[in-house]
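The values are calculated or read from the model by the stated rules, or taken from the named source; none is laboratory data. Note that the coordinates shown come from a computational prediction; the quantities given were computed from them, not determined experimentally. Neighbour counts run over all protein chains shown; Cβ positions are idealised from the backbone, glycine included. All accessible areas refer to the heavy atoms of the entire protein, side chains included, with ligands and DNA or RNA removed. Shrake-Rupley method; radii C 1.70, N 1.55, O 1.52, S 1.80 Å.
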Amino acid sequence: PPPPHGGLGEKAGTLAAKAHSGAGAYGTARPPEAALSIDELQAEVSASIKPEHGLATMQLVQASAVAPQMAARLESRFEACRRQLSEPSLVLRLYLAGQPSMLHRLLTEGFGAAEPPAQPGGNFGRGWYFSRYASRAHCFTGGSGCLLLALVAVGNTETVVRRDGSRGAPSPGYDSIIIPGRPLPAVASALRGSIDPAVVSRGSYASAPHSEEYVIFDGSQAMPLYLLQYEVTVL
């Protein structure tokens with residue numbers, strides 16, 4: 001696993017500490033607060049687990065916050081982008097899966113430090129794919145046990161059901177897209193046994209509820225909050 005950067009006792013920026021865990025209006029005049037404790041983060045993760053994804057628990061082992069000296073810079077970049085959106089008030093806390101090295105780089109340098117990873121078959125476009133559900137994002141970790149929790153300005157979302165690997169932006173007037181969800185990776189290679197293949201063979205994951213994902217094409221719309229390392233138990 002990547003080394004920790006920052007600590008839970010350090011501030012992760014005004015936005016990181018105060019943003020609501022779901023949809024809703026977003027205000028900019030908020031006082032700085034201490035970063036969340038690992039127990040508070042555990043409660044947030046646990047609340048986002050859905051049984052349709054095959055997990056009983058996701059137990060946090062470590063949570064690394066954005067370093068204070070970097071938080072202000074990332075927040076400034078995020079705020080400048082957010083103010084330009086068609087609907088700047090809609091900001092969500094979402095989970096991102098990826099290689100641990102990439103997630104650690106995003107935590108320490110922000111989303112401007114890397115390009116979105118290529119999607120098998122192109123899927124819905126060349127963007128960053130986020131989920132509201134930690135259990136769903138886990139399906140795309142390759143069994144690494146690492147997720148990035150980020151603050152994402154989804155803005156005015158466009159509902160998209162047609163796959164288009166060449167898509168590089170939402171339609172005019174929209175800030176992001178929401179999709180039914182990418183096909184899940186093969187269980188044996190992607191989850192390393194963390195979900196029973198027999199359950200998948202019965203179709204529970206091919207059409208599981210709570211599979212929708214948000215896709216942004218401008219990394220400035222996302223601000224990293226925590227790199228989460230965890231262990232799972234299955235249903």
Additional length obtainable on full extension of the chain from ALA56 to THR233, 0.36 nm per residue less Cα span:
63.2 nm
Excluding ligands, DNA and RNA, what is the solvent-accessible area per residue of the range 66-109 at a probe of 1.4 Å, expressed in Å²?
46
May I ask you to derive the FRET efficiency for ALA118 and GLU87 from their Cβ-Cβ distance with R0 = 25 Å, giving the value to the nearest 0.05?
0.30
Under a 1.4 Å probe, counting only protein heavy atoms, ASP175 has an accessible area in Å², nearest 10, of 10
For ASN156, put the label point 7 Å out on the Cα→Cβ axis and report which residues of the range 76-96 keep their amide N under 12 Å from it.
85-89
Ranked by accessible surface with a 1.4 Å probe, highest first, in what order do MET70, MET223 come?
MET70, MET223
If I model a spin label at ILE38 and GLU79 as a point 7 Å from the Cα along the Cα→Cβ vector, what separation in nanometres do I get?
3.1
Please work out the Kirkwood hydrodynamic radius for the range 98-189, using every pair of different C-alpha atoms, and report it in angstroms with one decimal place.
14.3
At a 1.4 Å probe radius, carbon and sulfur cover how many percent of the accessible area of the range 70-163?
46
